[in-house]
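Only one structure is covered here, and it is reproduced in the block below.
Every number here is computed from the coordinates shown, using simple stated rules; none is lab data. Since the model is a prediction, treat every value here as computed from it, not as a measurement. Here the Cβ positions follow ideal geometry from the backbone for every residue, glycine too, while neighbour counts run over all protein chains shown.
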Amino acid sequence: MPSPPPKRLQRKSLKIDGLAVGLVHMGRRWPLRRERLVLIHGSGCSADSWWYQVDGLSREFEVVAPDLPGHGASEQVRDPSVERYAATVRGVLQRIGKRKVFLVGHSLGGAVALDVALKHPELLKGLVLLATAAHLDTLALTPDVLLWAIATLPHKFKGMFFSELVSNEALAIARDDVRRCSLETVLGDFTASRNFDFRGRLGQINLPTLILCGGADLITPVRYSERLHKEIPGSAFLLIEKAGHMLPLESPGQVNIAVRKFIRGV
């Protein structure tokens, strides 16, 4: 049976520090002062990886999902890094309004969210981290050629990023994202993922924080999320059993329920 065509979200374009940034913006209807979520995607992905969150959560909240530089509809930057990506996200936050937001980051996007939370906590109301880490020690030792093979070869991709429970529709969205990423972007993400390190700084985060991870995650195993939970004061932790790395796509119902409950409780 052929895979369904991948779903893509409608975007507009903003200029952030002279860079064209693709942006999904949904849920701006009555009541006007809905809580605002900003969703930051992971390596090799785009805002489309948040399809199920934009669709489900924008019925209750205002939802914003930018494409990081070089991804989706956003222009490439030289020397990509977590810090550079975080600067773009900060620019998006400043452009969309003065209200504090719930910043949600997946994988590399979680590192970007941590950078924003540490440097600009005044912009945030809460933090949600999905399948991420303070430092990717294993990835730092993995050659680019192996990472590239895992990210692009069909027989490697599914097994590394998803569990057997993933739907064909979710898998099609993820594969479409990776296919649209240039080699330059993917290699830049590898470099960014190797170089961030927030160990020893997580205790400075003074924001309501929810941490989610998949029990079958091979990219950011549970121990990474457990460390985040241990070191971020007052954080909440949720393990989604049998789920892989791509939680927003693979376990959207559980992710949406957890995020909704977290926001209502802040």
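A simple spin-label model places the labels of Ala20 and Asp137 4.3 nm from each other, with each point 7 Å out along Cα-to-Cβ.
Amide H contacts of Leu124 (H built 1.01 Å from N, in plane; Pro and chain starts excluded): Val101 sit under 5 Å, all sequence-distant by 5 or more or on other chains.
Along the Cα-to-Cβ line of Ile257, 7 Å from the Cα, sits a label point; which residues in segment 57-99 have backbone N less than 16 Å from it? Backbone N within reach: 57. The ranking of His71, His135, His25, His41 by Cβ neighbour count inside 10 Å, starting from the fewest, reads His135, His25, His41, His71. 3J(HN,Hα) along segment 198-207: 9, 4, x, 10, 5, x, 7, 6, 10, 9 Hz, from the Karplus curve 6.51 cos²θ - 1.76 cosθ + 1.60 with θ = phi - 60°, whole Hz, x for Gly and Pro. For segment 171-266, the spherically averaged projection of the C-alpha convex hull amounts to 7.2 nm².
Counting only DSSP beta bridges whose two residues both lie in the chain, roughly 30 percent are antiparallel. Across segment 242-249, rounded Karplus estimates of 3J(HN,Hα) from the backbone phi angles (6.51 cos²θ - 1.76 cosθ + 1.60, θ = phi - 60°) give 6, 7, x, 6, 8, 3, x, 8 Hz, Gly and Pro being marked x.
Full extension of the chain segment joining Asp55 with Thr191 gains 45.8 nm, where the gain is 0.36 nm per residue of separation less the Cα-Cα distance. Across the chain, the volume of the C-alpha convex hull divided among the residues equals 115 Å³ per residue.
Beyond 30 Å between alpha-carbons counts as too far, so tell me which of Lys230/Lys261; Lys98/Lys242; Lys100/Lys230 fall in that bin.
Working: Lys230/Lys261 21 Å; Lys98/Lys242 39 Å; Lys100/Lys230 25 Å.
As for pairs spanning more than 30 Å Cα to Cα, those are Lys98/Lys242.
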